[in-house]
1. If we count every other residue with Cβ under 11 angstrom of ARG55's Cβ, Lys/Arg +1 and Asp/Glu -1, where does the sum land?
2. Which value, in Å to one decimal place, does the Kirkwood hydrodynamic radius take for segment 67-169 when every pair of different Cα atoms is included?
3. Hey, how many Å between the Cα centroid of segment 1-44 and the Cα centroid of segment 91-169?
4. Quick check on the chain: helices-only [θ] at 222 nm, where DSSP H runs of length 4 and up contribute -39,500 (n - 2.57) each and the sum goes over total residues. Nearest 500, please.
5. Write down the radius of gyration of segment 1-69 and its Dmax, each obtained from C-alpha positions, in Å.
6. Using R₀ = 22 Å, calculate the FRET efficiency as 1/(1 + (r/R₀)^6) where r is the Cβ-Cβ separation of GLN98 and LEU47; round to 0.05.
7. What angle, in degrees between 0 and 90 and rounded to the nearest 10, separates the Cα long axis of helix 115-128 from the longest principal axis of the Cα atoms of the chain?
8. Taking a 20 Å limit on the Cα-Cα distance, which of the listed pairs LYS21/LYS72; LYS72/LYS157; LYS21/LYS76; LYS21/LYS71 fall beyond it?
Amino acid sequence: MPRAELIRNIVSTVGLIQTFKIPTILSTVNVASGRNQDTIPQIKALLADVPSYDRTTINAWEDQEFYDAVKKTGRKNLIIAALWTEACLTFPTLDALQEGFNVFPVVDAVGGTSLIAHDAALRRIERAGAQPTSIAQLACELQRDWQRTETVPGFTKGLVDAGIFLRLS
């Protein structure tokens, strides 16, 4: 997936998550060591009040601070977006599934190093029990009913920002 599209899709997903007041856990890998860059500015701006856990582990689930933050939410359903499908998404998904979490990877808010790598990783986590979803499907599942008028503006914005055309009647 082109980088600009991936960033746009993650930003849209974060906006939807915020609309529905779902706790967010943010992490980076090796920023403090200088090996990697900080969170992409567009995403960081949306998550300005969310602590970021800089880890050394490729698998976020193996980082104690990240793991503790997830457990502290008290949630058993995890929605995951990431930059690399075959690492940042796959490894914590597999571990969370083993611990009894329900994991919903947002397939159009994650990108692999290649289309083959992306597809292989998605097949692997789906066979393990993950429930892949898309931005549009996630938005509709969270909204569920147009009578929930307080979330309609964020719902609509998330879909428009992701380039999904929505016609309200």
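Each reported figure results from applying straightforward, stated rules to the coordinates on display, with no laboratory input. Everything numeric here is computed off the predicted structure, so don't read it as measured data. Cβ coordinates were reconstructed from backbone atoms using ideal geometry, including for glycine residues, and neighbour counts include every protein chain displayed.
1. -4
2. 14.8
3. Going from one Cα centre to the other spans 14 Å.
4. Counting only the DSSP helices, I get -13500 deg cm²/dmol.
5. 12.6, 34
6. The calculated FRET efficiency here is 0.20.
7. 90
8. Numbers: LYS21/LYS72 16 Å; LYS72/LYS157 29 Å; LYS21/LYS76 15 Å; LYS21/LYS71 17 Å.
Where the Cα-Cα span goes over 20 Å, the pairs concerned are LYS72/LYS157.
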